[in-house]
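Here's the structure we're looking at; comments come further down.
The values are calculated or read from the model by the stated rules, or taken from the named source; none is laboratory data. All values derive from a computational prediction rather than experimental measurement. Please note: Cβ atoms are built from the backbone with ideal geometry, for glycine as well, and neighbour counts cover all protein chains shown.
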Amino acid sequence: MKIAIGCDHGGIVLKPAIVDLLQSREIEVVDFGCYSTDSVDYPDFALKVAESVSKKEVDLGIVLCGTGIGISIAANKVKGIRAAVAHDLFTAEMCKRHNNANILAMGGRVVSIDLAVEMTKKWLDTEFEGGRHTNRINKITAIEDKYFK
Ligand code: RB5
């Protein structure tokens, strides 16, 4: 498995522990930055991760900003992306089980490093349930087809 990760200065605090987790599972990590706490613009990093997921260069993506909100909004502008902000184990599980989120977004100013690691495990270890949820995902794709070029 291959996972892309990207963050801004508000989310970078979570990145090293998540990268360690992924590497401990022998998951190949593509780290699109940022690489310091200098102020940057989260859409730049959302775009890199989202494009790499959308083009299927990687299997999944993880994006991190202060809240997880801005970077997920930006990632969701790329066709085929279902980026979900999670802030606890329940939302980390459900965004995969019901929404088949292909990008997990978390906030470095919202969750602790330990919780972010546990949420990442939960999201990775949860399977999409399919069934009635497939129909709903297909309706999301239909909205993309209507409004995206
Ligand atoms: C940066 O200060 C902050 O706005 C950003 O990390 C994120 O929280 C935006 O949604």
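What to note about this one:
- Sole residue being within 19 Å of VAL29 (Cβ to Cβ) and of a type in the set (A, V, I, L, M), chosen from ALA92, ALA84, ALA74, ALA142: ALA92
- Residue count for the stretch 80-94, restricted to those that are over 19 Å from VAL58 (Cα atoms) and more than 16 Å from the ligand (Cβ to nearest atom): 7.
- Counted residues, the stretch 123-141 - those being surrounded by fewer than 21 Cβ atoms within 10 Å (Cβ to Cβ) and either within 16 Å of VAL63 (Cα to Cα) or touching a Pro at 6+ places or on another chain (Cβ under 6 Å) (or both): 1
- Residue in the stretch 121-136 that is in contact with a strand residue (DSSP E or B) (Cβ under 7 Å, 6 or more places away or on another chain), within 16 Å of the ligand (Cβ to nearest atom) and outside any loop (DSSP other than H, G, I, E, B) present: no
- Here VAL40, VAL110 are screened, and the one residue that is in a loop (DSSP other than H, G, I, E, B), among the β-branched types (Val, Ile, Thr) and surrounded by 19 or more Cβ atoms within 10 Å (Cβ to Cβ) is VAL110.
- Matching residues, the stretch 58-76, being in a loop (DSSP other than H, G, I, E, B), out of contact with any helix residue (DSSP H, G or I) (no Cβ under 7 Å at 6 or more places or on another chain) and either away from the ligand (no atom under 14 Å from the Cβ) or farther than 17 Å from GLU144 by Cβ (or both): ASP59, GLY66, THR67, GLY68
- Selection of the stretch 1-30 for residues being surrounded by fewer than 17 Cβ atoms within 10 Å (Cβ to Cβ), at negative phi and not hydrophobic (A, V, I, L, M, F, W, C) yields LYS2, PRO16, ASP20, GLN23, SER24, ARG25, GLU28.
- Among the residues here, SER112 qualifies as polar (S, T, N, Q) and either more than 15 Å from the ligand (Cβ to nearest atom) or in contact with a helix residue (DSSP H, G or I) (Cβ under 6 Å, 6 or more places away or on another chain) (or both).
- Residue within the stretch 39-49 that is of a type in the set (S, T, N, Q), within 14 Å of the ligand (Cβ to nearest atom), farther than 21 Å from MET119 by Cβ and modelled with pLDDT of 95 or more present: yes
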